[in-house]
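All remarks here apply to the structure that follows.
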Amino acid sequence: MGKAKKPPHKKPSPRNKSRPKALSKAELAELIEQATVDAYNESEQTTGFYTMLEEHLAMPFETEVLGVSVTVERLDLTDDEQIVAVCARGKSRQRLPVLDLPLPRPLPDGAEWIEAYRLWRCGS
């Protein structure tokens, strides 16, 4: 008799199934270091965070803005160096600073990068 075949590996879900534990300040500091390594000024550091968010934040995802369900389709970096979420509802689009974006529960994968960006930008 041959060995039983293993079931195929499943890809991880784009959203956490349970509420993740909050990262410590030290863990967030590690993410900040990753995003800002080799960045020599605030502009380059912001670009570093934008890059990490683009790479790690699972999109699209659904959230609620002012009581209305929207889809966060992508991120953008504005001319004045704000990271914004491009939110869609039907044919309408609205850009919202990622620091003002209400996050859904469960959190999308990669949401810890928003928390690291918040700590770096605002200190809290």
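The numbers here are math on the coordinates, done by the rules we state, and not lab data. Predicted model, so just to flag it, every value in this text is computed and none were measured. Note that each Cβ is placed from the backbone with ideal geometry, even for glycine, and that neighbours are counted across all protein chains shown.
Structural remarks
- Exposure proxy ranking, count of Cβ atoms within 10 Å, fewest first, for F61, F49: F61, F49
- For the range 25-122, the average shadow cast by the Cα convex hull is 6.5 nm², which is a quarter of the hull's surface.
- Sorted fewest first by neighbouring Cβ atoms within 10 angstrom, Y117, Y40 come out as Y40, Y117.
- K91, K25 arranged by Cβ crowding within 10 Å, fewest neighbours leading: K91, K25
- Calculated FRET value between E33 and R93, using beta carbons and R₀ = 30 Å, to 0.05: 0.35
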